[in-house]
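A quick write-up on the structure given underneath.
The values are calculated or read from the model by the stated rules, or taken from the named source; none is laboratory data. Keep in mind the model is a prediction, meaning the values are calculated, not measured. As a convention, Cβ positions derive from the backbone with ideal geometry for all residues, glycine included, and neighbour counts pool all protein chains shown. Only protein heavy atoms, including side chains, enter the accessible area calculation; ligands, DNA and RNA are left aside. Shrake-Rupley method; radii C 1.70, N 1.55, O 1.52, S 1.80 Å.
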Amino acid sequence: MKSSASAVSASAVSASAVSAIAVSGLRKAYGDKAVLDGIDFEVAAGSVFSLLGPNGAGKTTTVNVLTTLMKADAGTVRVAGHDVATATREVRAAIGVTGQFAAVDELLSGRENLRLMADLRRVRSGGRLVTSLLERFDLMESADKLAATYSGGMRRKLDLAMTLVGNPRIIFLDEPTTGLDPRSRRTMWAIVRELVAEGTTIFLTTQYLDEADQLADRVAVLHQGRLVAQGTPEELKRQIPGTHVRLRFADLDELDVAARVLAGSTRDDEELTLRVPSDGESRSLRVLLDRLDEHMLNAAEFSVHTPDLDDVFLALTENTSTKVAAR
């Protein structure tokens, strides 16, 4: 029995060595309502893991448990190799958290906010670090202005800069770009990519599916307290039917002929387009184009469309809701 226990222990150590976060059987309920109903996932070190889900799906509850702000009812959670229930101090020393709303002191300047964090973290050469972060986040011009005068995007950048004080190995970003304009969102994306390139692990929750598509190495979809899918963005997209070729023709006569020739297609007379189901692979496309040539047809425009994460999200959450309602 000893050798078996040792093997299990060695396996757990090995898993924690390659996983920044490991979650198994996580459960959390408020009264009779199960917010998290036995979820399992792992996050590889130095990657971006995105947790998607509609409002009320349990995303923020998951973050609160992983960051030691809330206790789970059941399951095991290891962050940076430490159990969040028994090694709270070690977990907190390894992580940084940026919530849905920028947690900056509006009565302090940007520089003073960062200096306060450096003092609380007992960072040596805090002044040098503060200057470095202000430069990195393009906040030097506003460094000595009150945070109350900052725009939403500037506050988000300052909040993330404060999170980086102490050089955390794992950063939790809970809907960090909510309410930001497109330029500010892209700035945040660039900063996230820089952090990952330096070896930081990012746990991202978001309602913006294009954000997950742009940043995440792996995505998990949380719905009604359960993970209904996990994988890379491309793997999840391939699970959903809907890849098609869109052809636009010069006139209605050509569209009529093409619609008869290409069985199973869907036409749009106003746009003079034909939507043809396809797997998007080169061999299938070649057969399609050869078929058009055989009938002397020429498409003025030709494009391949694949499902995006919006399609994946809607398909997974709608299917799950239907199944639950049918029970």
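Please go through region 66-106 and give me each residue that is of a type in the set (D, E, K, R) and surrounded by fewer than 18 Cβ atoms within 10 Å (Cβ to Cβ), ordered by number. Steps first, please.
Of region 66-106, the ones of a type in the set (D, E, K, R) are 71, 73, 78, 83, 89-90, 92, 105-106.
Matches in region 66-106: Lys71, Asp73, Asp83, Arg89, Glu90, Asp105, Glu106.
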(message) Among the residues that make up region 302-318, is at least one of them of a type in the set (Gly, Ala, Ser), assigned to a strand (DSSP E or B), over 17 Å from Gly53 (Cβ atoms) and in contact (Cβ under 8 Å) with a residue 40 or more places away in the chain?
(response) yes
(message) Restricting to region 132-147, and then to whatever is open to solvent by 50 Å² or more (accessible area, probe 1.4 Å) and assigned to a helix (DSSP H, G or I), can you tell me which residue is nearest to Pro182 (Cα to Cα)?
(response) Arg136
(message) Return the residues of region 195-210 that are more than 13 Å from Ser50 (Cα to Cα), of a type outside the set (A, V, I, L, M, F, W, C), surrounded by fewer than 19 Cβ atoms within 10 Å (Cβ to Cβ) and touching a residue at least 12 places away in the same chain (Cβ under 8 Å); say none if nothing qualifies.
(response) Gly199
(request) Kindly indicate whether any position in region 278-286 is hydrophobic (A, V, I, L, M, F, W, C) and open to solvent by 40 Å² or more (accessible area, probe 1.4 Å). (result) no
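If you check Gly75 against the conditions, is it in a strand (DSSP E or B) and at pLDDT 95 or above? So that I can check it myself, show each step before the final result.
Details: in a strand (DSSP E or B): yes; at pLDDT 95 or above: yes.
So Gly75 passes the test.
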(message) Checking Asp217 against (1) open to solvent by 60 Å² or more (accessible area, probe 1.4 Å); (2) under 15 Å from the mean Cα position of the chain (by Cα); (3) free of Cβ contacts under 8 Å to residues at least 40 places away in the same chain: exactly one of these is not met. Which one?
(response) (3)
(message) Of everything in region 256-300, what is part of a loop (DSSP other than H, G, I, E, B), among the charged types (D, E, K, R) and free of Cβ contacts under 8 Å to residues at least 12 places away in the same chain? Give them in sequence order.
(response) Glu270, Glu281
(request) Mind listing whichever residues of region 237-254 are crowded, with 16+ Cβ neighbours inside 10 Å and either outside any helix (DSSP H, G or I) or touching a strand residue (DSSP E or B) at 6+ places or on another chain (Cβ under 6 Å) (or both)? (result) Ile240, Thr243, His244, Val245, Arg246, Leu247, Arg248, Phe249
(message) Can you find, within region 107-131, the residue that is farthest from Thr61 (Cα to Cα) among those that are open to solvent by 80 Å² or more (accessible area, probe 1.4 Å) and assigned to a loop (DSSP other than H, G, I, E, B)?
(response) Arg124
(request) Looking only at region 172-201, count how many residues are touching a helix residue (DSSP H, G or I) at 6+ places or on another chain (Cβ under 6 Å) and in a strand (DSSP E or B). (result) 2
